[in-house]
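Here the structure comes first, spelled out in structure tokens, and everything after it is commentary.
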Amino acid sequence: MDDNKKLLTKIQVLFDDGLDAKNMLKVLKLIGADGFDEDYIRSFRLWSDTMPRSDEFPYTEAQRYYHILWEVIDRVPIGINIDFAVPFRRMIAKKLFKRCGKGFIANEGCRFNYGHLIEVGDNVTWNHCCYIDSKGGVTFKDYSMITEYCKIFSHGHSESDHMARIYKPVVIGEYAKIYTASTILPGVTVGKGGIAATGSIVTKDIPDFTVVAGIPAKIMRERRTDGKSPEEFNHYTMKNKLYQGGDD
């Protein structure tokens with residue numbers, strides 16, 4: 001077993017034992033982010049703790065620690081090593097998210113506010129520096145992918161009262177692709193095989209196997225399939241299906 005697997009195994013044992021303040025300190029030490037005590041760890045607050053929805057959907061102590069670890073891994077040297085960081089984020093997602101299937105990949109810089117309101121299917125990919133506002137709930141179905149600097153929002157504000165908010169779930173369908181710097185607005189469902197072209201602002205549902213583009217996004221054409229079924233789209237992120245395509 002290589003060093004990364006040994007380290008991940010030690011951390012998984014601590015996760016399975018229950019992530020209280022004591023075990024949280026052990027995990028932080030293992031990833032090179034030690035120097036805290038239990039009282040200080042318990043005092044940590046996240047941005048989402050200050051939002052109105054935190055009263056309705058509060059984090060447990062363990063969920064808060066998992067979210068903190070998600071943030072911390074991008075701030076320590078070991079986070080550069082994808083052989084550790086990719087499986088580590090997946091381990092967190094399986095504990096924190098409402099659901100997380102096999103083969104989930106999240107690149108560095110991905111952020112969210114309420115992890116326990118996110119559902120992820122099998123072989124889903126988040127690429128570099130995506131932002132998922134999950135206050136209203138966000139679902140990623142099997143083999144869906146969002147690329148660099150994408151943003152997904154599931155809530156909006158009243159113009160006359162910033163504390164008055166509307167929450168609408170977002171669904172990213174099977175084999176859908178959201179390309180670089182696109183924005184998905186509240187209530188949108190991206191259909192199976194749907195594509196949002198680079199830089200799109202998507203305000204309406206995307207039909208199955210349809211490409212949209214623009215601000216606001218409009219239907220451009222059907223997705224090119226070259227006669228392939230969705231199962232043949234090769235919706236994997238890295239060569240040789242690295243980190244995907246098998247059992248976790």
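How fast does the chain diffuse by Stokes-Einstein, in µm²/s, taking the Kirkwood radius from C-alpha pairs at 10 °C and 1.306 mPa s?
84 µm²/s
When the helix-only estimate is applied to the chain (DSSP H runs of n ≥ 4, each -39,500 (n - 2.57), divided by the residue count), what is the mean residue ellipticity at 222 nm, nearest 500 deg cm²/dmol?
For the chain, the value works out to -7500 deg cm²/dmol.
With 15 Å as the cut-off, how large is the P(r) tail for the stretch 1-62, expressed as percent of Cα-Cα pairs?
59 percent
With springs only between Cα atoms under 10 Å, which of Glu231, Glu159, Glu71 fluctuates most in a Gaussian network model of the chain?
Glu159
Fewest first, what order do Lys94, Lys135 take by the number of other Cβ atoms within 10 Å?
In order of increasing Cβ crowding within 10 Å: Lys94, Lys135.
At q = 0.13, 0.15, 0.20 Å⁻¹, work out log10 I(q)/I(0) for the stretch 98-227 with the Debye formula, treating every Cα as an identical point scatterer and leaving solvent out; two decimals please.
The computed values of log10 I(q)/I(0) come out as -0.48, -0.64, -1.11.
If you take the Cα Rg of the stretch 160-225 and divide it by 2.2 N^0.38 Å, with N the number of residues, what do you get?
Its radius of gyration relative to the 2.2 N^0.38 Å reference: 1.16.
Counting Lys and Arg as +1 and Asp and Glu as -1, each charge on the Cβ, what is the dipole of the stretch 98-227 about the Cα centre in debye, to the nearest 20?
Here the stretch 98-227 has a charge dipole of around 80 debye.
How high is the relative contact order of the chain, in percent, counting Cα pairs under 8 Å that sit 6 or more residues apart?
11 percent
Fewest to most neighbouring Cβ within 10 Å: what's the order for Ile206, Ile118?
Values: Ile206 26, Ile118 22.
The order, fewest Cβ neighbours first, is Ile118, Ile206.
Under 25 Å Cα-Cα from Lys95, which lysines qualify once same-chain neighbours fewer than 8 residues away are excluded?
Within reach: Lys5, Lys6, Lys10, Lys22, Lys26, Lys29, Lys135, Lys141, Lys151, Lys168, Lys241.
In whole Å and largest first, what semi-axes does the C-alpha gyration tensor of the stretch 187-248 yield when each eigenvalue is scaled by 5 and square-rooted?
Semi-axes, largest first: 26, 14, 11 Å.
Of the candidates Val212, Val72, Val138, which one comes out as most mobile in a Gaussian network treatment of the chain with C-alpha springs shorter than 10 Å?
Taking springs between Cα atoms under 10 Å, the residue moving most is Val72.
Taking only the alpha-carbon atoms of the stretch 43-175, what semi-axes of the equivalent ellipsoid follow from 5 times the gyration tensor eigenvalues under a square root, in whole Å, largest first?
Each semi-axis is the square root of five times an eigenvalue, giving 24, 18, 13 Å.
Rounded to the nearest 20 debye, what is the charge dipole size of the chain about its Cα centre when +1 sits on each Lys and Arg Cβ and -1 on each Asp and Glu Cβ? Walk me through the numbers before you get to the answer.
Values: 34 positive and 33 negative charges, 94 e Å.
Approximately 460 debye in magnitude.
In terms of Cα to Cα distance under 13 Å, which aspartates and glutamates are near enough to Lys94, apart from those fewer than 8 places away along the same chain?
Straight-line reach from Lys94, under 13 Å: Asp16, Glu119, Asp122, Asp248.
How about the stretch 146-228: which chymotrypsin sites (Phe, Trp or Tyr not before Pro) there lie in a loop by DSSP and see at most 10 other Cβ atoms within 10 Å?
Hits after loop and neighbour filter: nothing returned.
Sorted from largest down, give the three principal axis spans of the alpha carbons of the stretch 31-104, whole angstrom values.
That works out to 37, 33, 17 Å along the principal axes.
Read-outs: derived from the displayed coordinates by stated rules, not from any lab. Here the structure is a predicted model, which means the values were calculated and not measured. As a convention, Cβ positions derive from the backbone with ideal geometry for all residues, glycine included, and neighbour counts pool all protein chains shown.
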